[in-house]
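Engineer: Have a look at this one before I ask anything.
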Amino acid sequence: MKSLAALLLDLGWSISGSDRNPSEPCVAWLRTRGINVRKGHAPQHIPWGAELVIYSAAVPAENPERVAARALGIPERSYSQVLGELMRSRRGIGIAGTHGKSTTAAMMAVTLRLAGREPSACIGAELCGLGTGGWQGSGDLFVAECCEFRRSFLDLSPTFAAILNVEPDHFDYFHNLAETHDAFWHFAARVPSEGLLVVRSDCRTAVETIRPTARNTSRAPVETFSFASPATWMADNLRGAADGMSFDVIYRKNLVGRFALRVPGQHNVLNALAAIALCHGVGLEFAEIRAGLADFRGIRRRFELLGTPNGITWIDDFAHHPTEVRATLEAARQRYGLRRLWCLFQPHQVSRLRALLPEFAASFVRADQVLIAPVYAAREIGGDETDSLARQLADEITRAGRPARFCADLDRIAATIDDEARAGDVVISMGAGDINQVYHAFTRRLQRNLAS
């Protein structure tokens, strides 16, 4: 929503908003742009003269501001509906998938900007070095992250698109993988014949979204990507370094050249392959693509280095699915070797943890110490399960061979790191809630200790 607000502000709209639990840094940034943000939801938050109310997928119809808007005759649109309307006047580039959407979309946007294509963008994370994930560009390309929750990405009609992967997720909406697959199939079908669809070839469910069916009479050209053949685009000779990754790109069995990233992990090489395929599809030269990816500095809360207080390297990451947890910890091992690795994990949504508990328990194998916070329920009502399921996860991780403890709140996690972590350790705060606040609580403890 922050990115959409920034984009609409660039277009000349007057913006205000509200949030049940606003992030202070986010609010401060919005206010510097002249956007007033109120805490909580109330009818009086709708300003006089408002012409449109835009709501996120987490805001239900009975929300007091939405109810007030209807009473006042003010039109309502969801985030994805507005995004779809904005995309209709441009050539859209849509990035979909269970994992990697924000990073891949950001890679695309940075590369297109550096190549002088001046794209518009709306990405669900802040780009490092830009301070935003949304802006209006003067070109005809529009890069958008496309989320499958509530099938909202079906409001968009991209000319170019990627499906990075398809896995079970959003258990408060999709009842099974078949429903998820069906949503992605319909997304793939929206890409026109004059466009391009890029799909990861070693993800079976993703590949199944592009198989011809009786319902499908007109499909876009398809290119695939993976580490192994058969695929249109492949990466080979991967090398990790202190400042990222490097790899060879192979296109239709021909070596294109060597590319470098300033972000770690094999998963980011796959993200980059999808971005390379799409950039090539919209007409960029390989030299332009290579320069753009080399310039990409990452996005906030994706393996973001927060600091090194007391000699402890502190990373923050948005991972909230077992596949993401495993990939992030593997990237940390590649970068930091045998240094002791702490993972501070805050599960996101009761339904996700309940459905994927065995997968979560097995995903922490690369960590030395794991601290589990109560579940961040987000749009759910968690009840007693926010603690009980988190405790169960800690027990299951321990049984799987990694030391894990449940901590009743974020302050307890900060105190544990203060008591037990030592210089040279690596700490990763991980989750899609407010687990990143532990870093600030920890540094405040250090400042108090120094002052006393």
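Engineer: Under a point-charge model restricted to the Cβ atoms of Lys and Arg (+1) and Asp and Glu (-1), what is the dipole moment magnitude of the range 135-246 relative to its Cα centre, in debye to the nearest 20? Don't skip to the answer; put the middle values down first.
Structural biologist: On the way: 9 positive and 15 negative charges, 66 e Å.
The dipole magnitude comes to about 320 debye.
Engineer: OK, next. Please enumerate, by chain and number, the aspartates and glutamates with C-alpha under 14 Å from the C-alpha of Lys2, excluding those fewer than 8 residues away in the same chain.
Structural biologist: Output for Lys2: Asp10, Asp19, Glu24, Glu126, Glu145.
Engineer: Suppose every K and R has +1 on its Cβ and every D and E has -1 on its Cβ; what is the size of the dipole of the chain about the Cα centre, in Debye to the nearest 20?
Structural biologist: On the way: 51 positive and 49 negative charges, 120 e Å.
Here the size comes out at about 580 debye.
Engineer: Per residue, how much accessible surface does the chain expose to a 1.4 Å probe? Answer in Å², no decimals.
Structural biologist: Solvent-accessible surface per residue comes out at 43 Å².
Engineer: Taking the alpha-carbon distance from Lys253 and a cut-off under 28 Å, which lysines remain once sequence neighbours fewer than 8 residues away in the same chain are dropped?
Structural biologist: Lys101
Engineer: Moving on. For Ala228, what charge total do you get from the other residues with a beta carbon under 10 Å from its beta carbon, if Lys and Arg give +1 and Asp and Glu give -1? Walk me through the numbers on the way to the answer.
Structural biologist: Working: positive: none; negative: Asp202, Asp236.
Residues near Ala228 contribute -2 overall.
Engineer: Same structure again: When a/c reaches 1.5 or more, the comparison of a/b and b/c decides; with that in mind, is the range 318-452 rounded, prolate or oblate per its Cα gyration tensor?
Structural biologist: Note, shape of the range 318-452 comes out oblate.
Engineer: Summarise the accessible area of the range 88-238 (1.4 Å probe, protein heavy atoms) by the percent that is carbon and sulfur.
Structural biologist: Reported share for carbon and sulfur atoms: 48 percent.
Engineer: According to a simple spin-label model (label point 7 Å from Cα along Cα-to-Cβ), what is the distance in nm between Ser229 and Ala291?
Structural biologist: Once both label points are built, they end up 3.3 nm from each other.
Engineer: Additional query: Just grab the label-to-label distance for Asp411 and Asp236, each label 7 Å out from Cα along the Cβ direction, in nm (one decimal).
Structural biologist: Result: 5.7 nm between the two label points.
Engineer: Tell me, in nm to one decimal, what length is gained between Leu255 and Arg339 on full extension, where the rule is 0.36 nm per residue of separation less the Cα-Cα distance? If you can, show how the numbers build up before the last one.
Structural biologist: On the way: separation 84, 0.36 × 84 = 30.24 nm, distance 3.60 nm.
Length gained, Leu255 through Arg339: 26.6 nm.
Engineer: Along the charge dipole of the range 1-77, which of His45, Ala61, Trp13 sits closest to the positive end, that is, farthest toward it, with unit charges on the beta carbon of Lys, Arg, Asp and Glu (+1, +1, -1, -1)?
Structural biologist: Of the options given, the answer is His45.
Engineer: Starting from the range 1-105, pick out the trypsin sites (Lys or Arg not before Pro) whose DSSP state is loop and whose Cβ has at most 15 other Cβ atoms within 10 Å. Present the calculation step by step, with values, prior to reporting the outcome.
Structural biologist: On the way: sites: Lys2, Arg20, Arg31, Arg33, Arg38, Lys39, Arg66, Arg70, Arg77, Arg88, Arg90, Arg91, Lys101; in loops: Arg20, Arg33, Arg88, Arg90.
Hits after loop and neighbour filter: Arg20, Arg33, Arg88.
Engineer: Just the number, please: percent antiparallel of the DSSP beta bridges in the chain, rounded to the nearest 5.
Structural biologist: Details: 20 of 67 bridges.
The answer is about 30 percent antiparallel.
Engineer: Expressed in nm to one decimal, what extension gain is obtained for the pair Glu24 and Glu179 from 0.36 nm per residue of sequence separation less their Cα-Cα distance?
Structural biologist: Full-extension gain reported as 52.1 nm.
Engineer: Can I ask one more? Starting from 0.36 nm per residue, how many nanometres of slack lie between Leu52 and Arg219 once their C-alpha separation is accounted for? Write down the numbers at each step before the final one.
Structural biologist: Values: separation 167, 0.36 × 167 = 60.12 nm, distance 3.50 nm.
So the extension gain works out to 56.6 nm.
Engineer: Mind running the shape call on the range 1-128? Use the C-alpha gyration tensor, a ≥ b ≥ c as the square roots of the eigenvalues: rounded below 1.5 for a/c, prolate if a/b tops b/c, oblate otherwise. Write down the numbers at each step before the final one.
Structural biologist: On the way: a/c = 1.87, a/b = 1.69, b/c = 1.10.
Since a/c reaches 1.5 and a/b is larger than b/c, the shape of the range 1-128 is classed as prolate.
Engineer: On to the next question. Once whole DSSP H runs in the chain are found, which of them have Cα atoms spread over 30 Å or more along the helix axis and a mean Kyte-Doolittle score of at least 1.6?
Structural biologist: Span-like helices in the chain: none at all.
Engineer: When the helix-only estimate is applied to the chain (DSSP H runs of n ≥ 4, each -39,500 (n - 2.57), divided by the residue count), what is the mean residue ellipticity at 222 nm, nearest 500 deg cm²/dmol?
Structural biologist: Values: 15 runs with 162 residues, N = 452.
Value at 222 nm, helices only: -11000 deg cm²/dmol.
Engineer: Now for a separate question. Among His181, Leu86, Val282, which residue has its Cα furthest toward the positive end of the charge dipole of the chain, with +1 on Lys/Arg Cβ and -1 on Asp/Glu Cβ?
Structural biologist: The residue sitting farthest along the positive end of the dipole is Val282.
Engineer: Right, something else. As a test of reading the structure, rank Ile163, Ile250 by solvent-accessible area (1.4 Å probe, protein chains only), most first.
Structural biologist: Working: Ile163 0, Ile250 35 Å².
Largest accessible area first, the residues go Ile250, Ile163.
Engineer: Just in the range 185-271: which GluC sites (Glu not before Pro) are loop by DSSP and have at most 14 other Cβ atoms within 10 Å?
Structural biologist: Numbers: sites: Glu194, Glu208, Glu223; in loops: Glu194.
Here the GluC sites (Glu not before Pro) that fit, given the DSSP loop and packing criteria, are Glu194.
Engineer: Among [x] 32, 29, 22; [y] 52, 26, 18; [z] 35, 25, 21, find the value of semi-axes √(5λ) of the Cα gyration tensor in Å that was calculated from the structure presented, and write down its label.
Structural biologist: Identified label for the calculated read-out: [x].
Engineer: Does the range 35-86 classify as rounded, prolate or oblate by the C-alpha gyration tensor (a ≥ b ≥ c root eigenvalues; a/c under 1.5 gives rounded; else a/b over b/c gives prolate, otherwise oblate)? The partial results should precede the final answer.
Structural biologist: Values: a/c = 1.42, a/b = 1.35, b/c = 1.05.
Here the range 35-86 falls in the rounded category.
Engineer: Using +1 at the C-beta of Lys and Arg and -1 at the C-beta of Asp and Glu, which of Ala400, Ala144, Val166 has the Cα lying farthest in the positive direction of the dipole of the chain?
Structural biologist: Checked the options; the winner is Ala144.
Engineer: So if I place +1 on the C-beta of Lys and Arg and -1 on the C-beta of Asp and Glu, and nothing else carries charge, what would the dipole magnitude of the range 208-335 be about its Cα centre? I want it in debye, nearest 20.
Structural biologist: On the way: 16 positive and 13 negative charges, 42 e Å.
For the range 208-335, the charge dipole is close to 200 debye.
The values are calculated or read from the model by the stated rules, or taken from the named source; none is laboratory data. All values reported here derive from a predicted model rather than from experimental measurement. Every residue, glycine among them, receives a Cβ derived from its backbone with ideal geometry; neighbour counts consider all protein chains shown. Ligands, DNA and RNA are excluded from the accessible area calculation, which covers all protein heavy atoms including side chains. Shrake-Rupley method; radii C 1.70, N 1.55, O 1.52, S 1.80 Å.
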